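Before anything else, here's the structure in question.
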Amino acid sequence: MYLCPLLLLASWLCLASPAPHTSTASTVSSTKRTPTRSSSPRSTPGANGTAQPPDYVSEDLDEPIPRDRRIRISEEKTKDKTAKVAKKVKIVKTVKVLKKAKKETKAKNSGGPQQEPCPPLGLESLRVSDYQLRASSIKRYGLGAHRGRLNIQSGIYDDDFYDGGWCAGETNKNQWLEIDARRLTNFTAVITQGKNSIWTDDWVTSYKVQVSNDTHKWKTCKNGTEDVIFKANKDPETPVLNRLPTPMVGRYIRINPQSWFENGTVCLRAEILGCPLPDPNTVFMWEHEPQPTDKLEFKHHNYKEMRKLMKRVNEACPNITRVYSIGKSYLGLKMYVMEISDNPGEHELGEPEFRYVAGMHGNEVVGRELMLNLMEYLCQEYKNKNPRVVRLVTETRIHLLPSMNPDGYEMAYKLGSELSGWGIGRWNYQGLDLNHNFADLNNPMWDAEDNELEFPNHYIPIPEYYTLENATVAPETRAIIDWMQKIPFVLSANLHGGELVVSYPFDMARSYWMAKELTPTPDDSMFRWLSTAYATSHRIMSDDNRRICHYDDFIRVGNIINGANWHTVAGSMNDFSYLHTNCFEVTVELSCDKFPHEVELPTEWENNKESLLIYMEQVHRGIKGVVRDKDTGKGVPEAIIAVDGLNHHIRTALDGDYWRLLNPGDYEVTAKAEGYHSSTKSCHVSYEDRPTICDFYISKTPKQRLKELLAKGAKLPKELILRLRQIQTRKLKASAKKSK
């Protein structure tokens, strides 16, 4: 008896439904951009915490550290080659050889970062000023004595004035680079590199060392009665350490090149190791960097030591902390996260989720140590009832990932602060740069816009090519993407090193042939606010008189820059986070020195402490609320929040709650979801660091109600049957008129 109404309903639903969705990426021209773009991106339903609650379990930090995977790989290869030989004997032999090599490395490197008798003077970290450097001659200003700093980098464009290093204006053995320590110093060692340049190869192959108290009388380092000729570099980049046979005391030290690359000239970069001595005749003995009053563990932490510290913090504050792992590195090291919240392990309705990610490049270690210090600080200050920290912990769910690339860090750590150079440990063990390893979502969006095709401006699906088993995607990258999809992060910062600047999306230039091009997002003003919040509260970035790190002068632009306008990066985490999830993310370059010496870590904490706290507080800026079903009062997941005038939407999380970062102002905000009528309201954002509450109650459409009734097998009301017949009759008449 209900056959006729059901047929009417089916017909009406068919006519009312839009055409089946087809992927626009498949119709996009493939000649304009990179050939690796997906031809059929697959959707990612439930990203950003709407698919399922997070399933990360708390970690046992007492579990044994996994056996080095490199040994396992070596054993597997050995087994394949010697199938006829007893496996047990062969494995033991392989392990013995590797253990011997490991012991030799440990003896050479003291089991980790080299514990030098004296720390560096600070050429690389800029504690040594340009006025403390002099040279016998210079090739040109861009190669002056002030450029003779370990790991200083050259420009990368044709019109760049600077190269990385000091170069003498003459080519003979009378040239020298002089460093003024500004006080009597016990000099113990010299580290040198060649010149960093994309145009020429230059390095010093041997040199003498001289010291003086007044720059008039110089004493040459000797071994007995002979002047010591130190062997220097064989390439431009690898740092070479030479210890003085006997430490030498003086205020000034000179490096006097004796030979150099035969096809080059006299060029070098250097760092000096030395211990300051008490000297009542100089005021410089009273000059020092401000030391933190926070009782934190300022040292470099390898994987084992990092776990110990995280365990200690967790035990000290078990009610507000939890440690979990989001995955493993290529070599099997876990990617630990410290969660800090008043209800760890739970997403609380209306409470925003924040993350800091450090160590994407394993040799950029300041972020790693800052995250460990931040864990300690938040725990201690929460127990001390610091109101600022208590508010942060109770109103925000904070996630701290200190090491995204643990394999790379371990490589850099074994060489130590000064000897790891500029690149060792940057990549993961597979040789992948993780900051170029995320799916390129920019090109499909821009190609669709260029071809005037409909394409989402948010939650762009991951391309199919990227999901294939043979795709070149690091396990570390996959773990981060899974993490992003499970937790509804609102704000994030990706911590790097080697510069002093905050960069914001887009990181990829829209014109693919451009090395750099201003490419802002629809939320450019918000990203500039976030970047400025960090930069203006950073102790060094906020100093307009500071020295630039390498060749870019970011001071003139307020120490913030659009990433694509600095240097284009395809597949960055910032762009992926913005285009695939709700999360706004920036990159913070924390310090000029990627791997500062241990003695400089307290200063780095003081430089960044206030910035780290202020940036976290920005997660509460804008609007937030819950989108609920008007009939049931339950939260509606995956509802779209659209702000008029901003062509970038976000979605609600599993419980229907959302957070939309916005600058102060008045906005028209619309909530809409499949099967519901949309709802629009005006929301005012003030200058206060409290979000404006904008809740929505949305009603199901008649079509959605019918679907639910049919799914339950319920009988349709007579009024509804009559209404359906009227709609069907009207549509048939309209169709008949068109056919005539």
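The values are calculated or read from the model by the stated rules, or taken from the named source; none is laboratory data. Just so we're clear, the structure is a prediction, and the values are computed from it rather than from any experiment. A quick note on method: Cβ atoms are made from the backbone with ideal geometry, for glycine too, and the neighbour counts reach across all protein chains shown. Note: accessible area is taken over every heavy atom of the protein model, side chains too, but ligands, DNA and RNA are not part of it. Shrake-Rupley method; radii C 1.70, N 1.55, O 1.52, S 1.80 Å.
Roll a 1.4 angstrom probe over the protein heavy atoms and tell me the percent of accessible area of the stretch 437-487 that is carbon or sulfur.
Ligands and nucleic acids excluded, carbon and sulfur reach 45 percent.
Something else now. Counting only heavy atoms of protein chains, what accessible area per residue, in Å², does the stretch 473-555 have with a probe of 1.4 Å?
32 Å²
Ok, one more. Carbon-plus-sulfur fraction of the accessible area of the stretch 131-217, 1.4 Å probe, in percent?
The computed percentage sits at 47.
Normalised by the number of residues in the stretch 611-724, what is the relative contact order in percent for Cα pairs under 8 Å and 6+ residues apart?
That works out to 28 percent.
Pairs of alpha-carbon atoms within less than 8 angstrom and 6+ residues apart define the contacts here; what relative contact order does the stretch 529-608 have, in percent?
After rounding, I find 32 percent.
Related question: Please sort 413-425, 357-369, 660-672 by packing, taking for each peptide the average over its residues of neighbouring beta carbons within 10 angstrom, highest first.
Highest-to-lowest ranking by the protection proxy: 357-369, 413-425, 660-672.
Moving on to the next point. Enter the accessible area per residue of the stretch 296-450 (Å², integer; probe 1.4 Å; all protein chains in place).
Spelled out: the 1.4 Å probe surface of the stretch 296-450, per residue, equals 28 Å².
Further question on the same structure: How do 392-401, 569-578 rank on mean C-beta neighbours within 10 Å, highest first? Write out the running numbers ahead of the final one.
Details: 392-401: 21.9, 569-578: 25.2.
With the highest mean Cβ count within 10 Å placed first, the list reads 569-578, 392-401.
Okay, moving on. Quick check on my link table: of Lys311/Lys385; Lys385/Lys634; Lys630/Lys681; Lys385/Lys609, which ones sit more than 25 Å apart, alpha carbon to alpha carbon?
Where the Cα-Cα span goes over 25 Å, the pairs concerned are Lys385/Lys634.
DSSP loop trypsin sites (Lys or Arg not before Pro) in the stretch 219-258 with at most 12 other Cβ atoms within 10 Å of their Cβ, which ones?
Lys234
Separate question: Packing-wise, with mean Cβ within 10 Å as the measure, how do 687-693, 562-568, 371-377 rank, highest first? Before the final figure, lay out the partial values.
Values: 687-693: 13.7, 562-568: 21.1, 371-377: 23.4.
Going by the mean number of other Cβ atoms within 10 Å, highest first, we get 371-377, 562-568, 687-693.
Exactly which trypsin sites (Lys or Arg not before Pro) in the stretch 127-200 are in a DSSP loop and have at most 12 other Cβ atoms within 10 Å?
Working: sites: Arg127, Arg134, Lys139, Arg140, Arg147, Arg149, Lys173, Arg182, Arg183, Lys195; in loops: Arg127, Lys139, Arg140, Lys173, Lys195.
In loop regions of the stretch 127-200 (DSSP not H, G, I, E or B), the sparsely surrounded trypsin sites (Lys or Arg not before Pro) are Arg140.
Take the solvent-accessible surface of the protein heavy atoms, probe 1.4 Å, and return the percent of it on the stretch 645-696 that carbon and sulfur atoms account for.
Solvent-exposed carbon and sulfur of the stretch 645-696 make up 45 percent of the total.
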